[in-house]
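What follows is a set of notes on a single structure, which appears directly below.
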Amino acid sequence: MKVKAGLVGFGTIGTGVVRLLGEQDELLSKRSGVEVALERIVDIDLERGRGVNTGHALLSSRFEDIVDDPSIDIVIELVGGTTVAREVVARALRAGKHVVTANKALLYEYGEELFQLAIDRQRELRYEASVAGGIPIVRVITESLAGDRICTIYGIVNGTTNFILTRMIQEQWSFEAALKRAQELGFAEADPTLDIDGSDARSKLAILASLAFRCRIDRSRIAKEGIQRIDLTDVLYAKELGYVVKLLATAKERDGEVSLRVNPTLVPEQCALANVSNEFNAVMLQSKFLGDSLYVGRGAGANPTATAVVADVVDLAIRLVGKQAFNANAYAPIHDYATRSYLDTRSRFYLRLATEERAGLLAVITKILGDHGISISAIIQKEATGDQPIPIVLLTRQALERDLRAAVQAINELSFVHGPTVILHIEDIRL
Ligand code: HSE
C-alpha cells in the first residue's frame, strides 16, 4: 500500500527528512506495512546541492504544486516562519490533506486557528518535531500518559542556548564563539535572537503545556527571559552554591490555574537536568499516577528532527491505509484554566547585588527583604578586590514574585547599591 507525501521546505530539516525516507525506506515499509512515497519537493532555492538523493520526487518552487495536487495525502511543512508556512498549512488542511510540521513559532502564533481548521476538516495536524526535536514527547503525553494528570513540566527545550551555556561553562568559550558553532552545526534558528531571547523555548513550552494540561494558554502571561544577560559571575556563584544555570522552561498546573515561564534558572547540580549538555534537550514531567519521569535526547539538528517528522508521517500513513479513524480532537483543549501572572507565583530566588563598603549595609538589605516577608536561606559576601563593588549573593526561601520584585526595587534604590540586582529563579528539582 502506498501513501503519497509532499515536502514544502528543503532546508536543513527537509534535507534530513529526504535522507531518512530514502535510506530507511525498506525498514519503514517492512515495519509499518506502508510505502511512503515522497512525490513532490518544493523550495524557492532549487540550485543548491543538498547531498541527498531526491528519488523520483518532482522538484518545483510553488507550494501550490503540492497543496493543489489531489494525489498528495500528507503535506510536510518545513518552511519555518509564520507567513508562507501558515498559508501552506491552512490550504493543505482545507484541501483535505493531513499535515506534519516542525514549526513551533507557527503553532504558538496561529495554533488555535489551525487546530480548529483541522477539527472542522477532520484532518490531523501533527507536530512531534516542533518540541524538543527528536524526543517523542508529544507521543508520550498523548499516548503513554493518556490517562494520567500532568501537573508540572520542566524543559530544556532550546538546543542552541543549552549548547552556548555548556560551552561557556565547561570550555570558557565566549558567547559569540559558542553561538557561531551552534549555527554551523545547524541548531540555531534562521534568526538566532529567537533562541537567545527565549522566544523559541516559549513557543515550545506553550505547545507542551497546552497539550499536557489540555487547556488554552494566555500567551500574554508567559514570563520570558533569555540568556543574553547571563554573566559568568553568576554561573560561578551558582556552582559554589551547588547549582547549575539552565535556560529552563517551566509550566505548572495547580488547582485549575496554570503558570508558565522561560528563564535562566538555578537547578541542583546533582539533578539529571543539570547534566543535560550541549544541544541535548530534556523534558521532565511530574504527573499524578506515574510520578516523575524524564525524557532526554537531541533537540535540534537535521537528523534528530527528521526522525520525529518521519514518525508522524508514517503514523498518519498507517492510519490512512488501515482506514482507521482520525482524531483531530486528540489535541484540543478541554479545560478552562486561567493563566496566572508570573507575579502571582511563588519561587525561590538567587539575588546578586553590587554594593559599596558601608557599615550596617547587610542589616539594611536583610530588613527590606524581611519587611516583604522574604526569608534568606544562604548568603555569600567575599572581601573586596581593589575599588570594585562588593558582590553579595543571597538565596531566598519560597516567596511571591510580586513581593520579591518590590523588595529588589527598594534595594536598587539604596545609594550604596550599584546597578540593578541580578534575579534568577531556583527550582529544587529532585530527579
Ligand atoms: N533553534 C532550535 C534549538 C531548533 O536550538 O533548539 C530546534 O527547534
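Of the residues making up the stretch 397-420, those that are more than 27 Å from the chain's Cα centre (by Cα) and either surrounded by 20 or more Cβ atoms within 10 Å (Cβ to Cβ) or in a helix (DSSP H, G or I) (or both) number 9. The C-beta contact set for the stretch 49-70 (first residue closer than 15 Å to Val8 by Cα, second residue surrounded by fewer than 11 Cβ atoms within 10 Å (Cβ to Cβ), distance under 9 angstrom, 6+ apart or interchain) comprises Ser61/Asp45. The residue that is farthest from Arg261 (Cα to Cα), among those in the stretch 155-178 that are small (Gly, Ala, Ser), more than 9 Å from the ligand (Cβ to nearest atom) and part of a helix (DSSP H, G or I), is Ala177.
Hey, can you tell me all the residues within the stretch 311-323 that are assigned to a helix (DSSP H, G or I) and out of contact with any strand residue (DSSP E or B) (no Cβ under 8 Å at 6 or more places or on another chain)?
Taking the stretch 311-323 as the starting set, the residues that turn out to be assigned to a helix (DSSP H, G or I) are 311-322.
Within the stretch 311-323, Ala311, Ile318, Arg319, Gly322 meet the criteria.
Scanning the stretch 241-255 for residues that are surrounded by fewer than 17 Cβ atoms within 10 Å (Cβ to Cβ) and either at pLDDT below 95 or under 22 Å from the mean Cα position of the chain (by Cα) (or both) yields Arg254, Asp255. Take the conditions among the β-branched types (Val, Ile, Thr) and touching a strand residue (DSSP E or B) at 6+ places or on another chain (Cβ under 9 Å) and apply them to Thr54. Does it pass? Here the answer is yes, as Thr54 does meet what is asked. For the stretch 356-372, state whether one or more residues are assigned to a strand (DSSP E or B) and not hydrophobic (A, V, I, L, M, F, W, C). Within the stretch 356-372 (the criterion being assigned to a strand (DSSP E or B) and not hydrophobic (A, V, I, L, M, F, W, C)), the answer is no, since none of the residues qualifies.
Note on the stretch 187-209: residues that are farther than 20 Å from Met168 by Cα and over 13 Å from the mean Cα position of the chain (by Cα) total 2. Taking every residue in the stretch 118-139 that is away from the ligand (no atom under 16 Å from the Cβ) and pairing it with any residue that is basic (Lys, Arg), at least 6 positions away or on another chain, the pairs with Cβ-Cβ distances below 8 Å are Arg121/Arg94; Arg123/Lys97. Any residue at all in the stretch 149-165 that is of a type in the set (D, E, K, R), in contact (Cβ under 8 Å) with a residue 60 or more places away in the chain and within 23 Å of Cys215 (Cα to Cα)? Yes: the stretch 149-165 contains one or more residues that are of a type in the set (D, E, K, R), in contact (Cβ under 8 Å) with a residue 60 or more places away in the chain and within 23 Å of Cys215 (Cα to Cα). Each residue in the stretch 49-79 was checked for being within 19 Å of Arg19 (Cα to Cα) and out of contact with any Leu (no Cβ under 6 Å at 6 or more places or on another chain), and 14 of them qualify.
Please tell me if Phe326 is assigned to a loop (DSSP other than H, G, I, E, B), within 22 Å of Glu35 (Cα to Cα) and touching a residue at least 12 places away in the same chain (Cβ under 8 Å). Considered against the rule, which asks whether it is assigned to a loop (DSSP other than H, G, I, E, B), within 22 Å of Glu35 (Cα to Cα) and touching a residue at least 12 places away in the same chain (Cβ under 8 Å), Phe326 comes out as yes. Quick one: Tyr108 ticks every box in (1) under 25 Å from Val244 (Cβ atoms); (2) within 16 Å of the ligand (Cβ to nearest atom) bar one, so which box is it? If we test Tyr108 against (1) under 25 Å from Val244 (Cβ atoms); (2) within 16 Å of the ligand (Cβ to nearest atom), just (1) comes out false. Of all residues in the stretch 179-237, those that are surrounded by fewer than 21 Cβ atoms within 10 Å (Cβ to Cβ), within 16 Å of the ligand (Cβ to nearest atom) and among the acidic types (Asp, Glu) total 4.
The values are calculated or read from the model by the stated rules, or taken from the named source; none is laboratory data. If you're wondering where the values come from, they're calculated on a predicted model, not measured in any experiment. All Cβ positions, even for glycine, are placed from backbone atoms using ideal geometry, and neighbour counts span all protein chains on display.
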